[in-house]
Each structure stands twice: as structure tokens, then as C-alpha cells.
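Worksheet: one structure, shown below.
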Amino acid sequence: MQPRDLSATSPYVPGRGIEEVARDLGLDPDELIKLSSNENPHGSSPKAVDAVTDRAKEGLHVYPKAAHTDLTEKLADKWDVASEQIWVSPGADGAIDYLSRAMLDPGQSVLVPEPGFSYYSMSARHHHGEVSTYELSKDDGFSQTADLVLEAYDGERIVHLTSPHNPTGSEWTRAEITTLLEAVDDHTLVVVDEAYGEYSERPSSIELVDDYDNVAVLRTFSKAYGLAGLRIGYGVVPQAWADAYARVNTPFAANELACRAALAALDDDDHVDQSVETARWARDYLAENLDAPTFESAGNFVLADVGDASGVAERSQAEGVIIRDCSSFGLPGCVRISCGTREQTKTAVETLNGILAEVAPT
Ligand SMILES: *Cc1c(COP(=O)(O)O)cnc(C)c1O
């Protein structure tokens with residue numbers, strides 16, 4: 001007995017967990033600073049934690065029907081769209097799957113950024129799709145434009161954009177996105193992944209779903225809302241085909257606790273504001289103080305060009321600061337450093353500068 005041929009799909013490699021690293025180093029997890037997975041250093045919204053605790057006490061024996069409906073309606077209200085247009089999902093990753101299910105016939109292709117978020121291509125392959133790439137250029141500061149995508153575009157069914165982009169931090173402008181939406185073939189859906197949208201100063205592409213029926217936008221509660229452990233996100237899609245959700249979503253995949261937590265988090269402006277403010281401070285601090293070239297970032301992380309990414313990441317981890325070696329993104333010279341609290345970020349910069357001084361003495 002064997003599964004189908006999965007050789008084209010590389011396994012997803014997450015940043016290493018803090019317990020895992022602490023065990024390897026023989027340290028207490030509290031002594032480590034984890035800046036490798038773009039998680040929220042302020043934790044979850046306290047209101048969300050209360051909502052989860054209360055809900056758990058009331059019991060979890062009932063399918064999440066009302067919670068899912070309430071969350072959908074609250075999000076529809078927030079973004080001023082109809083509730084069918086909100087595709088609640090287990091993480092934004094779940095919404096990527098729902099869009100793959102809704103759009104891809106076997107053998108159709110998706111176009112994804114390189115470097116980029118690996119789940120776009122994994123999801124396409126799960127759904128018997130093919131994958132091609134458009135390359136963001138390091139020399140060009142990883143800038144993202146319609147021309148760049150259109151040069152690689154060959155009528156793919158889905159084109160994935162990430163803004164702010166992971167791991168580089170670069171963004172799309174509204175004008176470049178609309179140029180692309182108008183240039184692609186009628187059957188092509190452009191998906192704008194705004195997992196880091198809260199940290200950006202630019203308006204959301206959700207504003208475009210009224211005027212264009214070939215755009216969908218992804219959002220998550222994993223980053224600015226600090227709910228990565230609960231797996232809750234959503235897509236926003238045009239009205240014209242929004243009813244496909246009822247046919248493609250896994251029944252009750254967004255769980256009761258996650259929906260309740262998301263509802264509470266949406267009411268906790270203080271927590272999101274603080275999270276965003278810290279991230280904006282930290283990315284400026286990293287850009288100004290790290291002794292390595294960095295790329296301008298609109299997310300809660302900064303990509304730095306350190307030369308030997310795996311060496312620097314390994315040494316940094318040994319000194320208690322876990323960062324992301326971007327070799328697996330195809331950037332063997334770069335590390336991605338998530339924004340920590342002010343204190344964590346300062347410690348990280350001090351640690352990294354010590355390592356950089358030794359590996360590349362100036
Ligand atoms: C973190 C991330 C996501 C989604 O994460 P979920 O936890 O599944 O919501 C999506 N896209 C990018 C680019 C990300 O970095």
C-alpha cells in the first residue's frame with residue numbers, strides 16, 4: 001500500500017518550535033527568544049483568551065454552527081461585503097485550499113512567487129494542479145509589479161500574490177494590482193494574500209472585490225491577532241461566485257473555540273493596535289541597528305542579507321535567539337527575523353551583531 005505519487009510536493013517545513021529547540025540546547029524555553037515564525041510577541045488578545053475559556057467551560061459537544069455564522073457576519077460588516085463573500089477557514093491556509101478546490105480542474109496551473117510562501121504550490125498539487133513561478137529579484141529589492149508577473153504568466157488558473165510578502169516584506173501598490181487584474185485572461189483568479197495586512201499602511205485589496213470578479217483576498221487571525229495556535233482565517237471573494245463556498249468547505253472546519261476567539265479579538269482594538277505599533281517600531285529598529293543589509297518590510301519581520309544564513313541562524317539559536325534561515329525559500333544568504341517586543345528585538349540585534357562581527361569582520 002502506498003499513497004499516490006507525492007514526489008512533486010515538498011513537505012512543509014515550519015520554523016522550529018521553542019520547546020524543541022530548548023530541549024536540544026538543554027535550556028528553559030523561557031530563556032529563548034523565538035523570532036522565526038512571525039508570531040505575535042504580545043501573545044493573544046486577553047479578550048480572546050477569556051472567550052475561549054468561557055466557551056470551553058460551557059462545553060464543546062455541539063458543532064460550531066452559530067459561532068461560524070456570527071464570525072462570518074461580523075467580518076462581512078467589518079469589510080462592508082455580503083456574508084456569502086466571507087469564506088471562514090482553518091487559517092488562511094484553509095482558504096487557499098478552498099480556492100484551489102473551487103477553481104482548479106486537474107492539470108490546471110497556478111503561478112506563485114519565488115521566493116514565496118510554500119503552501120500555495122502544495123495546495124495546488126493536493127488538488128492535482130501544476131505549478132509555475134514568477135521570480136522576485138533580490139537585486140531589485142524583491143519589488144512586485146504587474147509586469148514581473150505578466151512576463152511569467154501563461155494563462156494560469158490562479159495567480160498568487162503576497163502583500164506584504166513573506167519572507168521579503170515587499171508590497172504591491174493598488175495601481176499594479178488593478179493593472180494585473182485587467183491584464184490576465186478571464187478564467188484567471190488573482191489571490192492577494194494579506195496575512196500581514198494589519199502591519200501595512202496601505203489599504204486592503206478587499207476594496208477591489210466589488211469592482212473585479214477575478215480577485216480574492218486572504219486574511220488571518222494568526223499574526224496581528226495572535227491566534228496562530230487556533231487556526232482561523234478567511235478569504236473574501238466577489239459576490240458573483242461566492243456561493244461556491246457551500247460546495248467546497250470542509251464541514252465545521254473552523255472550530256468553535258477559534259470562531260469565538262476571533263469574534264472577541266475583533267473587538268480588542270487595544271491588542272491589535274499595540275501589536276502593530278510594536279512591529280512597526282521593531283522593523284525600523286532592525287533596519288537601523290542590524291549590522292547587515294536589510295530589505296524594507298511592511299510586515300512583522302525583516303529579511304536581512306547576512307551571507308551565510310544557515311551558519312548565522314545556527315549560531316544565533318545556540319545563543320538563544322531563534323531566527324529563520326531562508327535557504328528553504330531559495331535565499332541561502334538571508335535570514336528572516338520576526339519582530340519581537342522592544343526588549344526581545346534589542347537583545348536579538350545585540351546577539352546577531354556579535355555573531356556578524358565574528359563571521360564577517362569588517
Ligand atoms: C502566516 C501566513 C499565512 C497563513 O497562516 P495561517 O496561520 O494559515 O492563517 C498565509 N500566508 C502567508 C504568506 C503567511 O506568512
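Show which lysines lie in cross-link reach of residue 74 when reach means a straight Cα distance below 28 angstrom and same-chain residues fewer than eight apart are skipped.
Once the sequence-local lysines are set aside, what remains near residue 74 is 47, 57, 65, 223.
For residue 200, which sequence-distant residues (separation of 5 or more, or a different chain) have an amide H within less than 5 Å of its own amide H, given hydrogens modelled in the peptide plane?
Counting only residues 5 or more places away or on other chains, the set is empty.
Enumerate by residue number the chymotrypsin sites (Phe, Trp or Tyr not before Pro) in the stretch 181-281 meeting two conditions: DSSP loop (anything except H, G, I, E, B), and at most 14 other Cβ atoms within 10 Å of the site's Cβ. Could you put the intermediate results ahead of the total?
Working: sites: 196, 199, 212, 221, 225, 234, 241, 245, 252, 281; in loops: 196, 212, 221, 225, 252.
Within the stretch 181-281, the qualifying chymotrypsin sites (Phe, Trp or Tyr not before Pro) (loop, at most 14 other Cβ atoms within 10 Å) are 252.
Find how much the distance from residue 187 to residue 65 grows on full extension, using 0.36 nm per residue of separation minus their present alpha carbon separation; answer in nm with one decimal. List each step's numbers first, then the result.
Details: separation 122, 0.36 × 122 = 43.92 nm, distance 3.31 nm.
Gain on stretching residue 187 to residue 65: 40.6 nm.
Once you keep just the Cα pairs under 8 angstrom separated by 6 or more residues, what percentage relative contact order results for the stretch 47-265?
That works out to 29 percent.
Given a 1.4 angstrom probe, what's the average accessible area per residue across the chain, in square angstrom?
Averaged over the residues of the chain, the accessible area is 45 Å².
For the stretch 160-184 and the stretch 228-289, compute the distance between their C-alpha centroids and round to whole Å.
19
Out of the total accessible area of the stretch 291-362 (probe 1.4 Å, heavy atoms of protein only), what percent is carbon and sulfur?
47
Add +1 for every Lys or Arg and -1 for every Asp or Glu among the other residues with Cβ under 14 Å from the Cβ of residue 28, and state the total. Could you put the intermediate results ahead of the total?
Numbers: positive: 23, 34; negative: 19, 20, 24, 30, 31.
In short, -3.
Please give the length that would be gained between residue 16 and residue 350 if that part of the chain were fully extended, namely 0.36 nm times their separation in residues minus their C-alpha to C-alpha distance (nm, one decimal).
Result: 118.1 nm gained on full extension.
R0 = 30 Å: FRET efficiency of residue 5 with residue 138, Cβ-based, nearest 0.05?
So, using R0 = 30 Å, E works out to roughly 0.35.
Could you pull out every residue, at least 5 positions away or on a different chain, whose amide H is within less than 5 Å of the one on residue 131? Hs are placed 1.01 Å off N in the peptide plane, and Pro or chain starts have none.
Residues meeting the criterion, in which the H sits 1.01 Å from N, are 110.
Leaving ligands, DNA and RNA out of it, report the carbon-plus-sulfur percent of the accessible area of the stretch 47-265 at a 1.4 Å probe.
46
How much length would be gained if the chain were fully extended between residue 207 and residue 53, taking 0.36 nm per residue of separation minus their Cα-Cα distance, in nm to one decimal?
Residue separation times 0.36 nm, minus the Cα-Cα distance, leaves 52.0 nm.
The values are calculated or read from the model by the stated rules, or taken from the named source; none is laboratory data. This is a predicted model, so every value here is computed, not measured. Neighbour counts are summed over all protein chains in view; Cβ atoms, including those assigned to glycine, are modelled from backbone coordinates with ideal geometry. When the accessible area is computed, the model is the full protein with side chains, heavy atoms only, and any ligands, DNA or RNA have been set aside. Shrake-Rupley method; radii C 1.70, N 1.55, O 1.52, S 1.80 Å.
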